[in-house]
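Each remark here refers to the structure printed beneath this line.
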């Protein structure tokens with residue numbers, strides 16, 4: 001198998017609420033591939049999709065019940081500590097849940113965490129060792 005990731009699909013409890021989060025809090029634009037049942041956001045090289053959690057579980061033939069830590073996080077890497085602070089300030093003003101305030105990280109960067117409406121964690125970080133194109 002090629003070393004490639006094409007789509008990350010988040011199973012969401014309330015599709016409209018999640019669309020509001022990603023479009024009005026993050027400022028993302030949905031892809032033309034979207035329809036009333038599933039929404040796609042084209043990122044740099046991959047897609048993030050939102051799909052009703054129960055339907056996603058049914059498609060995968062697994063149960064949809066579960067809570068707490070999902071076992072993964074997503075990350076948006078900023079170009080500076082100031083950019084992290086500015087993003088967190090903007091998210092706070094938009095009512096986004098700030099899970100962890102920005103801080104110097106043990107690995108040498110600067111990091112914060114926010115949550116989307118389903119509790120999916122986004123790390124907002126500056127990593128001085130990671131080149132961002």
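The values are calculated or read from the model by the stated rules, or taken from the named source; none is laboratory data. Since this is a predicted model, take the numbers as computed values, not measurements. Every residue, glycine as well, gets a Cβ built from its backbone with ideal geometry; the counts of neighbours run over all protein chains shown.
How many of the residues making up the stretch 75-126 are part of a loop (DSSP other than H, G, I, E, B) and either in the same structural domain as residue 25 (by TED's automatic domain parsing) or within 22 Å of residue 50 (Cα to Cα) (or both)? Walk me through it before giving the result.
The first filter runs over the stretch 75-126 and keeps only residues part of a loop (DSSP other than H, G, I, E, B), leaving 79-80, 94-96, 105-109, 116-120.
Among the residues that remain, those that are also either in the same structural domain as residue 25 (by TED's automatic domain parsing) or within 22 Å of residue 50 (Cα to Cα) (or both) are: 94-96, 116-120.
Qualifying residue count for the region: 8.
What tally of residues in the stretch 6-19 results from selecting those that are surrounded by 16 or more Cβ atoms within 10 Å (Cβ to Cβ) and assigned to a helix (DSSP H, G or I)?
3
Being surrounded by 12 or more Cβ atoms within 10 Å (Cβ to Cβ) and either more than 17 Å from the chain's Cα centre (by Cα) or farther than 24 Å from residue 46 by Cβ (or both) is the filter here; which residues of the stretch 67-81 pass it?
If the condition is that a residue be surrounded by 12 or more Cβ atoms within 10 Å (Cβ to Cβ) and either more than 17 Å from the chain's Cα centre (by Cα) or farther than 24 Å from residue 46 by Cβ (or both), then 81 is the only one that fits.
Of all residues in the stretch 41-67, how many are farther than 21 Å from residue 16 by Cα and part of a helix (DSSP H, G or I)?
First pass over the stretch 41-67, keeping only residues farther than 21 Å from residue 16 by Cα: 44-46, 60-63.
If we keep only those that are part of a helix (DSSP H, G or I) too, we end up with 60.
Residues in the stretch 41-67 being farther than 21 Å from residue 16 by Cα and part of a helix (DSSP H, G or I): 1 in total.
Just to check your reading of the model, which residue among 41, 22 is touching a helix residue (DSSP H, G or I) at 6+ places or on another chain (Cβ under 7 Å), modelled with pLDDT of 95 or more, surrounded by 12 or more Cβ atoms within 10 Å (Cβ to Cβ) and farther than 21 Å from residue 65 by Cβ?
Working: 22 fails: touching a helix residue (DSSP H, G or I) at 6+ places or on another chain (Cβ under 7 Å).
Matching residue, one of 41, 22: 41.
Kindly evaluate residue 35 against the criterion of being assigned by TED's automatic domain parsing to the domain that holds residue 11 and assigned to a loop (DSSP other than H, G, I, E, B).
Numbers: assigned by TED's automatic domain parsing to the domain that holds residue 11: yes; assigned to a loop (DSSP other than H, G, I, E, B): yes.
Taking the combined requirement at face value, the residue satisfies it.
Search the stretch 93-107 for residues being over 16 Å from the mean Cα position of the chain (by Cα) and modelled with pLDDT of 95 or more, and hand back the single one that is farthest from residue 80 (Cα to Cα). Full working, then the answer.
Residues of the stretch 93-107 over 16 Å from the mean Cα position of the chain (by Cα): 93, 101-107.
With the extra rule that they be modelled with pLDDT of 95 or more, the set shrinks to 93, 101-104.
Details: 93: 20, 101: 16, 102: 12, 103: 13, 104: 12 Å.
Checking each candidate, the answer is 93.
Need the failing condition index for residue 70 against (1) under 20 Å from residue 114 (Cβ atoms); (2) part of a loop (DSSP other than H, G, I, E, B); (3) in contact (Cβ under 8 Å) with a residue 24 or more places away in the chain; (4) in contact with a helix residue (DSSP H, G or I) (Cβ under 8 Å, 6 or more places away or on another chain), just the number.
(4)
Can you find even one residue in the stretch 115-122 that is without any contact (Cβ under 8 Å) to a residue 40 or more places away in the chain and surrounded by 14 or more Cβ atoms within 10 Å (Cβ to Cβ)?
Of the residues in the stretch 115-122, the ones without any contact (Cβ under 8 Å) to a residue 40 or more places away in the chain are 115.
Subsequent filtering for residues that are surrounded by 14 or more Cβ atoms within 10 Å (Cβ to Cβ) retains 115.
Yes, the stretch 115-122 contains at least one residue that is without any contact (Cβ under 8 Å) to a residue 40 or more places away in the chain and surrounded by 14 or more Cβ atoms within 10 Å (Cβ to Cβ).
So residue 60 ticks every box in (1) within 29 Å of residue 3 (Cβ to Cβ); (2) in contact (Cβ under 8 Å) with a residue 24 or more places away in the chain but one. Which box is left unticked?
Of the numbered conditions (1) within 29 Å of residue 3 (Cβ to Cβ); (2) in contact (Cβ under 8 Å) with a residue 24 or more places away in the chain, the odd one out for residue 60 is (2).
With 38, 46 as the choices, which residue is touching a residue at least 12 places away in the same chain (Cβ under 8 Å) and under 30 Å from residue 104 (Cβ atoms)? Give the steps one after another, and end with the answer.
Values: 38 fails: under 30 Å from residue 104 (Cβ atoms).
None of the other options fit; the residue is 46.
Need the failing condition index for residue 90 against (1) within 20 Å of residue 13 (Cβ to Cβ); (2) surrounded by 11 or more Cβ atoms within 10 Å (Cβ to Cβ); (3) out of contact with any strand residue (DSSP E or B) (no Cβ under 8 Å at 6 or more places or on another chain), just the number.
Here residue 90 meets the rest and fails (1).
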